[in-house]
Amino acid sequence: MKRLTESVVDGSQAKNPVDLKNLPGIDRLLRSPDVAALVAEHGHTLVAAETRSAIDALRERARQGGALDAAALTPEAVEQTIRSRVAARLAPRMRAVLNLTGTVIHTNLGRALLADSALQHLLTMMAGPNNLEYSLDDGGRGDRDSMVEELLCSLTGAEAATVVNNNAAAVLLTIAAMAHGKEVIVSRGELVEIGGAFRMPDVMSSAGATLVEVGTTNRTHPLDYEQAITEHTALLMKVHTSNYAVQGFTASVDEGEIARIAHARGIPMATDLGSGALVDMSAWGLPHEPTPQEMIAAGCDVVTFSGDKLLGGPQAGLIVGSKAAVGRIRKFPMKRALRMSKLPLAALEATLMLYLRPERLTQDLPTLRLLTRPADAIRALAVSLQPALANAVAPRFEVAVLDLMGQIGSGSLPVEKLPSAGLAIAPVQKKGAGRALDELATALRTLPLPVIGRVADDRLLLDLRCLEDSAPFVNQLPLLRQALV
Ligand SMILES: *Cc1c(COP(=O)(O)O)cnc(C)c1O
């Protein structure tokens, strides 16, 4: 550490200006009882680094002309600074939050919640060695796909299945393996952007395939596909337009028809379902979402879908289809780069197993449990929480129980809304309401368990569909009250 030879403190603004020479030395600080206790707990490396940074920060503040007060330089104050720096350094950046946005599968908030059985299997499998690529039958090398292939086949009716890192990878790998250096025909109405730079035309070029667009934005007919097929065509593809809907004068060709056109010319057909529910959602009064089993029955050679959207599992890309097509995809070298890790694989296996007991899904699978929660029950919860929240945000804000419309999320069923209920917090004073709402949103976000709502019509809305256990919310209300005074 460089020794300070002159005072660099501009003490003119400080109440009680000090000379930086009075800063305690690092060695002395590390020996002080408080800091030594930190060293005993966390080791020398971290505590010494944070001590050095704390002193550097003080010196930097002084160098930039900031006044340092003697109170900030007492051993007690410096020790406290070091303690909080160590604590902050050890606090994870990834934090649990309360999703009160009303969007059940929220991409920014981690998408699907894992079922208890998936968490348990994940934990048990990660705690020690497992048979990830080892055959317990003959002691030879095994294949990680075999952990879920049989389950995926029996649930979807497909002949074969493989899994990769996410659905974007599944689509990329499918196109690369099936159509590298050749042409893929897609309707102009299905050239989707999923967000995060995943756009169908770009995926095609990344996979080394040439996109051949057919039809128009609103209408595509069987003849459009038939006329576009040449000797360069390697794949006909349908993309489920999951995050938007084309309405009005529209026409599209269904999977079965595209598969027939493709097969008549000896070409395979693939469908990217995006979300892809493994069960018929309409059984619970939710809008129907196309299932992989319907796509397989319609004759698709490959169907790709996500693991962490409606399926309710970990991030994963699921590929199901014919033996020939899936075999080709599995052998393509890019598969190794996109393969799924053992962590999500364990969670995926346990999640898929829940589908063997469909009658229990709305209890066992959090995504379905939340999606099927009756609006009445959510409203009753809102009524019961209203007084405590009103008390916490008074007198600047008032709280009303409100019927709301939530969303499934993650591009699933984008035009459908989920009847829900929640609490609306509004500033009492209309003047400066925008600033008050910002302050409120910040106060909620900076709670130990951050509460994420949404702002609409000059109110902050907390949709309670995803609040299954209200205790963590209620227990933080005193802190919210403090933050708002
Ligand atoms: C979400 C989605 C993807 C990407 O899936 P990830 O699992 O997020 O990689 C691809 N295609 C469609 C149609 C989607 O909706």
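The values are calculated or read from the model by the stated rules, or taken from the named source; none is laboratory data. Note that the structure is a prediction, hence the values are computed from the model and not measured. Neighbour counts run over all protein chains shown; Cβ positions are idealised from the backbone, glycine included. The accessibility values were calculated without ligands, DNA or RNA, using every heavy atom of the protein model including side chains. Shrake-Rupley method; radii C 1.70, N 1.55, O 1.52, S 1.80 Å.
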How much of residue 206 can a 1.4 Å solvent probe reach, expressed as accessible area in Å² and rounded to 10?
-> 80
Heavy-atom accessible area of residue 143 with all protein chains present, probe 1.4 Å, nearest 10 Å²?
-> 70
Whole-Å semi-axes of the stretch 20-90's equivalent ellipsoid (Cα gyration tensor) = 21, 12, 10
Per 5 Å bin from zero, what fraction in whole % of the C-alpha pairs of the stretch 116-360 is there, up to the bin with the longest pair?
-> 1, 6, 14, 18, 20, 16, 11, 7, 4, 2, 1, 0, 0
Within the stretch 210-299, GluC sites (Glu not before Pro) in DSSP loop having at most 10 other beta-carbon neighbours inside 10 Å = 231
Along the charge dipole of the chain, which of 432, 340, 72 sits closest to the positive end, that is, farthest toward it, with unit charges on the beta carbon of Lys, Arg, Asp and Glu (+1, +1, -1, -1)?
-> 72
So what are the radius of gyration and Dmax for the Cα set of the stretch 254-308, in Å?
-> 12.3, 40
What is the packing order of peptides 431-439, 166-174, taking the mean over residues of other C-beta atoms within 10 Å and listing the highest first?
-> 166-174, 431-439
Which of the trypsin sites (Lys or Arg not before Pro) found in the stretch 241-327 are in a DSSP loop and have at most 16 neighbouring Cβ atoms, other than their own, within 10 Å?
-> 265
Log entry: pair-distance distribution for the stretch 332-417, C-alpha pairs binned every 5 Å from zero, whole % per bin is 3, 10, 12, 13, 14, 13, 12, 8, 6, 4, 3, 1, 0
Note down the net charge around residue 216, summing +1 for each Lys or Arg and -1 for each Asp or Glu among other residues with Cβ under 13 Å from its Cβ.
-> -1
Consider just the alpha-carbon atoms of the chain and return their Rg together with their Dmax, both in angstrom.
-> 28.8, 88
Mind checking the per residue accessible area of the chain for me, 1.4 Å probe, whole number of Å²?
-> 48
Please report the Cα spread of the stretch 122-237 along all three principal axes, rounded to whole Å, starting with the longest.
-> 53, 31, 27
How much FRET efficiency would the formula 1/(1 + (r/R0)^6) give for residue 180 and residue 260, where r is the Cβ-Cβ distance and R0 is 22 Å, rounded to 0.05?
-> 0.30
Counting DSSP beta bridges with both ends in the chain, the antiparallel % (nearest 5) | 60
Quick one: how many lysine pairs does the chain have with C-alpha atoms less than 21 Å apart and a gap of 8 or more or different chains? Give me the count, please.
-> 11
Whenever you get a sec, compute what percent of the accessible area on the stretch 79-140 sits on carbon and sulfur atoms (1.4 Å probe).
-> 57
Under the rule of -39500 (n - 2.57) per DSSP H run of 4 or more residues, summed and divided by the residues of the chain, what mean residue ellipticity at 222 nm is obtained, to the nearest 500 deg cm²/dmol?
-> -12000 deg cm²/dmol
